[in-house]
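Q: Pasting a structure below so you can have a look.
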Amino acid sequence: MPGRYLCRQAISAGKLPIGVTGGIKWVIDFCRREVAMETSSSISETPKEECVGGKERRRNYRHDCVGFAECWVSDPESLFRGEIRDISLTGCFIRTAARLNLRQSTAVDLRFTLKNSHFRVSARVMDIRQGKGVGMEFIFPGSQPPEWLKNLIKELSLAPLSPRKSV
């Protein structure tokens, strides 16, 4: 089984680690699952690939991160805070222990801090895991994500993987 370091090399270089067979696509998929399961089990969350039907539904790869997030909900008016745990071009996961009275598709004003920068984006609630967190989908005025988000994702994709610390 490839280790975390070999997985990172395979993903970034697009090459097979020595002694691994199965094709590069298989190795990259395997490595992403291994890293996702490693990091999610360390904070007692379900693996990133685990969802309804057991198949990944996301269109974009999620990048691990640690930052602060505030979500303003207008209906009913409320605010909750949490820790942003991963982000992609289309959404993010915010870990919070707050008991949330939200419905799927509820619109929120999301403000978050990553890499010492502050960001603001409209989003909608896609997944609620009581006592664990909320999955958000970003809402953009156009069909494409803004340049600041593309640049942030690019920066996160180049950063070395590091183990998460439970907060």
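Q: Rank the residues Phe93, Phe68 as a footprinting-exposure proxy: fewest other Cβ atoms within 10 Å of their Cβ go first.
A: Going from least to most buried by this count: Phe68, Phe93.
Q: Give the span of the range 86-154's Cα atoms along each principal axis, as three whole-Å numbers ordered largest to smallest.
A: 33, 26, 16
Q: Please arrange Ile139, Ile153, Ile87 by how many other C-beta atoms lie within 10 Å of their C-beta, fewest to most.
A: Details: Ile139 14, Ile153 19, Ile87 26.
Taking fewest neighbouring Cβ atoms as first place, the list is Ile139, Ile153, Ile87.
Q: Taking amide H atoms as placed 1.01 Å from N in the peptide plane, list the residues 5 or more away in sequence, or in a different chain, whose amide H sits under 5 Å from that of Asp86.
A: Counting only residues 5 or more places away or on other chains, the set is Cys65, Phe93.
Read-outs throughout are calculated quantities, based only on the coordinates presented, and are distinct from any laboratory measurement. Remember, it's a predicted structure, so these values are computed and weren't measured experimentally. Neighbour counts run over all protein chains shown; Cβ positions are idealised from the backbone, glycine included.
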